[in-house]
Amino acid sequence: MERYHGQELGERPHIAVLGSSKIGNFVVTVPLLQALAERFNSPVIDFWGSELTRDFETELPQISWRFSWDRPDGNLLSSLSEAASQRLSEVGPLDLLINCDGFNPVTQVLASWLRPHFVAGASLSLNSRSSFPWGDHPYQRFLNDPDWDSPAFLARYPDFFKSNYIGELLCRLAFLDMPDSPCSLPSRPPSFSTPDVLIHVTTTRAAKIWPAAHWQEVLSWCSRQAITVGLVGSPPKRQQEDYNAGDLEDILLSTTDLIDLRGQTSLIELAGACLQAKAVVSVDAGPMHIAAAVGTPTLAVVGNDPSGLGASPIRLWMPRSSNCERTVSTFSCDGCEAVRFRNDSCLKESHFCMEGVPASQVITWLDRLLRTAEVSR
């Protein structure tokens, strides 16, 4: 096993991409998949992904074969072993493996056990006793850098990275340029009539939650304008358990005209609903990435100041598409950045960064967007 540094892989190379079990993480791997398909001659791309994003993975044309490394089988080790053995016997050994979820111990083990010729990203050594050395090229050693989101990151790698965007970093990991074509996700129409606007209000990090009062102000304005708004997300119980819903969603549903669409779509149907909506407003979470990827006008409600400092690592994760914009907080806070966004809840006495995003910003964006759409008809 060798570190990959851009070598030619020959005709129809066999490539494995190890994905993540989070929605946003999957979306940012799509540019890499597009770049691999453009760079190599008829590559066979295996995707070791997640049950959560299985529908997307199955439909993407760049993926030749896929398997969930997080499937809920009784004996996951046996399932992984059988799938790997069968796949390698059918197609042959891996020319290249790219680990897009390198901080995950499971994918580090899997990267080593699949025995690729070349590896990009984190992996254990072949004897599984230590980490495989990063390598000396900037596209290799940046993996050991602790602060990908900071402005200083780009200063340390002049002429190698155009941005901190995670999609670009994953492409550089494989010595590839970001593709010129926009990220494209498959979609499927939902079973319901899509409202004018879709919103998503919860996240896996409570520090990124926007106050209920601000949402209520936006929804009241929408009601006065006869704009229908739907709430998307997982089923209510899962929203409570995994996405810091608390009583936020219940408050909004009981005090406004908000339409409850939680749990009514698969992810690929959510993409279809976003495609049909006039706009999507979301906190920093998976649905924001999906909406941006399908081309819907999207507003990310983030508590970050004009320089990018705040509750979300937006330099790293904010979609780089013209249809996606973000809010700007009137308050600057480095609490989350100081701990590299590993905190769940806010670290300060008051949640000033998210409270510093006034509802008027969202209302102004919606008003401008919907008026422009009306005039263009």
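Within segment 170-185, being in contact with a Phe, Trp or Tyr (Cβ under 7 Å, 6 or more places away or on another chain) and free of Cβ contacts under 8 Å to residues at least 60 places away in the same chain holds for one residue alone: Arg172.
Residues that are at negative phi and in contact with a strand residue (DSSP E or B) (Cβ under 9 Å, 6 or more places away or on another chain) were ranked within segment 166-177; the one that is surrounded by the most Cβ atoms within 10 Å (Cβ to Cβ) is Leu170. If only residues of segment 80-134 that are more than 26 Å from the chain's Cα centre (by Cα) and of a type in the set (Asp, Glu) are counted, the one that is modelled with the lowest pLDDT is Glu82. For segment 203-230, taking the residues that are of a type in the set (S, T, N, Q), at pLDDT 95 or above and not in a helix (DSSP H, G or I), the one that is nearest to Asn323 (Cα to Cα) is identified as Thr228. Does Leu198 satisfy being of a type in the set (A, V, I, L, M) and either in a loop (DSSP other than H, G, I, E, B) or under 17 Å from Pro313 (Cβ atoms) (or both)? Taking the combined requirement at face value, the residue does not satisfy it.
Of the set (1) in contact with a Ser or Thr (Cβ under 6 Å, 6 or more places away or on another chain); (2) under 20 Å from Met178 (Cα atoms); (3) modelled with pLDDT under 95; (4) not aliphatic (A, V, I, L, M), all apply to Ser21 but (2).
Counting only helices (runs of 4 or more DSSP H) that sit wholly inside segment 97-165, not one has at least 3 residues that are loosely packed, with under 15 Cβ neighbours inside 10 Å and in contact (Cβ under 8 Å) with a residue 60 or more places away in the chain.
Does Arg87 meet the test of being of a type in the set (Lys, Arg) and exposed (fewer than 12 other Cβ atoms within 10 Å of the Cβ)? No.
Residues of segment 255-280 that are assigned to a helix (DSSP H, G or I) and aliphatic (A, V, I, L, M): Leu267, Ile268, Leu270, Ala271, Ala273, Leu275.
Scanning segment 231-252 for residues that are closer than 23 Å to Trp365 by Cβ and either touching a residue at least 40 places away in the same chain (Cβ under 8 Å) or part of a helix (DSSP H, G or I) (or both), we see that the one that is farthest from the chain's Cα centre (by Cα) is Ile251.
The values are calculated or read from the model by the stated rules, or taken from the named source; none is laboratory data. Treat the numbers as computed from the prediction; the structure is a model and nothing was measured. Virtual Cβ from ideal backbone geometry, glycine too; neighbours counted across all protein chains shown.
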